[in-house]
1. Considering only residues that are within 16 Å of ligand 2 (Cβ to nearest atom) and among the polar types (S, T, N, Q), which ones fall in the stretch 99-147?
2. For the stretch 178-206, enumerate the residues that are in contact (Cβ under 8 Å) with a residue 60 or more places away in the chain and open to solvent by 70 Å² or more (accessible area, probe 1.4 Å).
3. Could you please find all residues in the stretch 31-60 being at pLDDT below 95, within 8 Å of ligand 2 (Cβ to nearest atom) and small (Gly, Ala, Ser)?
4. Could you check the stretch 12-127 for strands (runs of 3 or more DSSP E) lying wholly inside it with 1 or more residues that are open to solvent by 40 Å² or more (accessible area, probe 1.4 Å)?
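The values are calculated or read from the model by the stated rules, or taken from the named source; none is laboratory data. Here the structure is a predicted model, which is why all the values come from computation and not from measurement. No Cβ is skipped: glycine too gets one built from the backbone with ideal geometry, and neighbour counts run over all protein chains shown. Areas reflect the complete protein model, heavy atoms only, side chains present, ligands, DNA and RNA absent. Shrake-Rupley method; radii C 1.70, N 1.55, O 1.52, S 1.80 Å.
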Amino acid sequence: MGHYAVNLEQPAGSRQPSSRVLAITSGKGGVGKTNIAANLALCLASSRKRVLLLDADISLGNLDLVMNIRSRYNISHVIDGQKRIEDIIQTGPEGLRIICGASGLDRLADIDEHEQHRLLRHLAVLQDDTDIILIDTAAGISGSVVSFCLAADHVLVVTTPDPTAMTDAYGMIKVLVRKQYEGPISVVVNMARDTADGKSTYQRLADVTKRFLQTDLYYAGMLFKDEHLCTAVRARKPVVLAYPRSQISSAFAALAARVGGIECSKPAQGSFFRRVVGWFR
Ligand SMILES: Nc1ncnc2c1ncn2[C@@H]1O[C@H](COP(=O)(O)OP(=O)(O)O)[C@@H](O)[C@H]1O
Ligand SMILES: [Mg+2]
């Protein structure tokens, strides 16, 4: 357990947070995670859900590109004591709240016990005020990406029909299963050429996962390759706002409804932020 004396268990008698946490991840980069995170978040926010979007990918040209959000401050500034959590939350369309640089949460594991408790208390208040937390993770199976997924209630793995994207998606699923992730893992196929392409991509991934990892994958849906999305990205607007009547915007609405409907048989206990820090140790 390392040398940390911090008790990350939920104190007796405290209320369970009601928000659910969805991590959006992939093996390979450039498969559409950020666009999916941003547009799903907006669809959920427009159906009166209180949504918090955590940008946990520090690479440039991430959420800033899709949402036109630029932040000078992130979780690291909170950990360093320069900013308060309220100061780094940005408000997007539909009242969506966004925190950039959430990958910096891994540093919480290294600060002193007192500070850690103080920050986790603030983050727990934030979670209490939220119905769903979406995390846009970085690509790949690095420790911090896996930690965010393991702490989530539900993991959405994004792949395209491209064989390397599928192989890398399987690599991520394998790590989660090996680490005994307990929540549902669902797959969204992005940039499908047609319905058959999308379905067969999911099916092949589900078949190998069942055969070699004895695990069922949920099907979250598919998104076609759509020029509207590229045009929207160039205009730095999420496609559901730029082209609300496009086919891909309807597909995002359907995806949001579907993802909201996949129940976690055993929702994770306690504050999500405590769980993340627990996995980082
Ligand atoms: N459904 C789609 N149709 C067309 N282009 C897409 C689609 N999804 C993603 N893209 C393209 O792929 C690029 C990368 O997407 P992004 O969401 O940034 O991926 P990731 O976060 O996984 O790296 C986008 O800027 C866009 O040009
Ligand atoms: Mg991204």
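1. Residues satisfying the conditions are Ser103, Thr137, Ser142, Ser144.
2. Across the stretch 178-206, the qualifying residue is only Glu182.
3. If the condition is that a residue be at pLDDT below 95, within 8 Å of ligand 2 (Cβ to nearest atom) and small (Gly, Ala, Ser), then Ser59 is the only one that fits.
4. Qualifying strands (runs of 3 or more DSSP E): 20-25, 89-91, 97-99.
Each row is one residue, and each column tells you yes or no for (1) within 13 Å of ligand 1 (Cβ to nearest atom); (2) under 16 Å from Ala37 (Cα atoms).
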| site | (1), (2) |
| --- | --- |
| Phe212 | no, no |
| Thr215 | no, no |
| Tyr218 | no, no |
| Lys225 | yes, no |
| Ala232 | yes, yes |
| Ala251 | yes, yes |
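Results for (1) away from ligand 1 (no atom under 16 Å from the Cβ); (2) within 23 Å of Gly260 (Cα to Cα), shown as yes or no for each residue.
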site	(1), (2)
Leu105	yes, no
Leu120	yes, no
Val125	yes, yes
Asp128	yes, yes
Ile132	yes, yes
Gly140	no, no
